[in-house]
Amino acid sequence: GNNRLIITTDTDIFVLDGNTGEMVNRQNLPNAPITGVSRFRKELIFGGTDGRVIFHNAPVGYELRANSMQGQVSATPVIHDDDVVAVSNKGEVLLLNAVDATRIWSRMLTGGIEAKPAFNDYGIYVATVGQSSW
């Protein structure tokens, strides 16, 4: 309900008032994002430097939940309805519940994944660095 602009850097999150541009909050990130950041409700979801998909509670300013992957998260996590898909440079595709970050399933593919997955009601679509589509 608030008109806010959220900017992430390697070490911080800056929250600006969308009308005035005034900084209303600054939060330290103990684990720097290495991917783009997706938003689900009041949480920011991103890949951390330690191979985890991190759910950061933006209003309070702390890491709320996380789930580990094999390798590093290699693309911005994608959200569809109440699900999150993350991919890794080792070839893991991970489906998480966006509400509580629980693991629904994961699968290892034959090659690393660098591109953001596509996701809809019918499936998850990824391309590996070995030029295979799954």
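The values are calculated or read from the model by the stated rules, or taken from the named source; none is laboratory data. Here the structure is a predicted model, which is why all the values come from computation and not from measurement. Here the Cβ is made from the backbone with ideal geometry for all residues, glycine too, and neighbour counts use every protein chain on show. Ligands, DNA and RNA are stripped out before the accessible areas are found, and what is left, the full protein with its side chains, is counted by its heavy atoms. Shrake-Rupley method; radii C 1.70, N 1.55, O 1.52, S 1.80 Å.
Results, tabulated for the structure shown:
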{"quantity": "Net lengthening on full extension, residue 121/residue 62 (0.36 nm per residue, minus Cα-Cα)", "calculated": "18.1 nm"}
{"quantity": "Potential extension, residue 131-residue 9 segment - 0.36 nm per residue separation minus Cα distance", "calculated": "40.8 nm"}
{"quantity": "Furthest towards positive pole of dipole, 130, 34, 6, structure part the chain, Cβ charges", "calculated": "130"}
{"quantity": "Under-5 Å amide H pairs with residue 24, H placed in peptide plane, nonlocal only", "calculated": "15, 16, 17"}
{"quantity": "Mean projection area, nm², convex hull over Cα of the chain", "calculated": "8.1"}
{"quantity": "Assigned charges on the beta-carbon of Lys, Arg, Asp, Glu; the stretch 62-134 dipole about Cα centre (debye)", "calculated": "280"}
{"quantity": "Under the Karplus curve 6.51 cos²θ - 1.76 cosθ + 1.60, θ = phi - 60°, whole-Hz ³J(HN,Hα) for the stretch 57-68, x wherever Gly or Pro sits", "calculated": "6, 5, x, 8, x, 8, 6, 8, 8, 7, 9, 7"}
{"quantity": "Probe 1.4 Å, all protein chains present, accessible-area order of 11, 35, largest first", "calculated": "11, 35"}
{"quantity": "Contact order relative to length of the chain, as percent, for alpha carbon pairs under 8 angstrom and 6 or more apart", "calculated": "13"}
{"quantity": "Net charge dipole size for the chain [Lys, Arg +1 and Asp, Glu -1 on Cβ; Debye, nearest 20]", "calculated": "140"}
